[in-house]
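Derivation of every value follows stated rules applied to the coordinates shown; laboratory data play no part. Not measured: the values here are computed from a predicted model. As a convention, Cβ positions derive from the backbone with ideal geometry for all residues, glycine included, and neighbour counts pool all protein chains shown.
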Amino acid sequence: MIDLHYFPTPNGWKVSIALEELELPYRIVECNIARGEQFEPTFLEISPNNRIPAIVDNEPAGGGPPIPVFESGAILHYLAEKTGRLLPADPRLRVQAIEWMYWQMANQGPMCGQAGHFRNYAPTKLDYPIERYTTEARRLYVMLDQRLADRRYIAEELSMADILSWPWIQMRDHHAQSLDDLPNLRRWFEELGERPAFQRGLAAGAELAAGMEGGMDDEAKKNLFGHD
């Protein structure tokens, strides 16, 4: 059994989708980031960067004590190595998948996250960061569309690279992006969205965000954006 310390966000969805695709048994351990639970000492022992998601694998390969893992990219890489799935065996395809996993963690996630923040949550609307990050998000959307022009998946076969990137496209309205003129990206996004494991992973723990449909209150904004 794997403990998934979780809140339903794009980064959280990466892990719930991966666990569903891999058919690994897991239980959700709520970490309500809007209420500051990511700063609790017990959580920081698992995830010192005070970010979800994190996992604890209670039955690691080879036995021994449980293994905690934080950072969504590291978690998916760990799960792929644990199961021997969702990273291609062919070394050329494998390195492509790993490249695009790093691309997601270093580019798509941070840039789209900043676009979403400055467009939707910043207390003062500043033109420069809004334009900077929205334009960069657009560049990355176009880059992914071009990558998918002649292949079904990012690294030829379904891999952790797809699972890392898909949830952020789910939030495209948040980044002021559209798939209307990105046919390859739209095809890939819709095809993956039809997979039952993606649907189950996206729905996992949805009730944890109850009450936030109308937006974030001041406490949530402080815990997400202003905590020292």
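Quick look at the values:
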quantity: Full-stretch length increase - Asn58, Ala74 - with 0.36 nm per residue and alpha-carbon distance subtracted; calculated: 4.1 nm
quantity: Sites Tyr121 and Ala210 - FRET efficiency at Förster radius 25 Å, r taken between beta-carbons, to 0.05; calculated: 0.80
quantity: Spin-label zone in region 89-103 - amide nitrogen under 20 Å from a point set 7 Å from the Cα of Ala149 along the C-beta vector; calculated: 96-97, 100
quantity: Theoretical FRET efficiency, 1/(1+(r/R0)^6), r = Cβ-Cβ of Ala203 and Asp181, R0 30 Å, to 0.05; calculated: 0.55
quantity: Inter-centroid distance (Cα atoms) of region 146-178 relative to region 68-142, Å; calculated: 10 Å
quantity: Length gained when the stretch Arg139-Asp217 is fully extended (0.36 nm per residue, less Cα-Cα span); calculated: 24.9 nm
quantity: Lys, Arg +1 and Asp, Glu -1 on Cβ, resulting dipole of the chain about Cα centre, debye, nearest 20; calculated: 480 debye
quantity: Unit charges at the beta carbon, dipole of region 127-228: most positive-side option, Ala161, Ala149, Tyr128; calculated: Ala149
quantity: Rounded FRET efficiency, nearest 0.05, which uses the C-beta distance separating Arg132 from Thr83 and R0 of 45 Å; calculated: 0.70
quantity: Where the Cα pairs of the chain fall when distances are cut into 5 Å bins, in %; calculated: 1, 7, 14, 18, 20, 17, 13, 7, 3, 1, 0
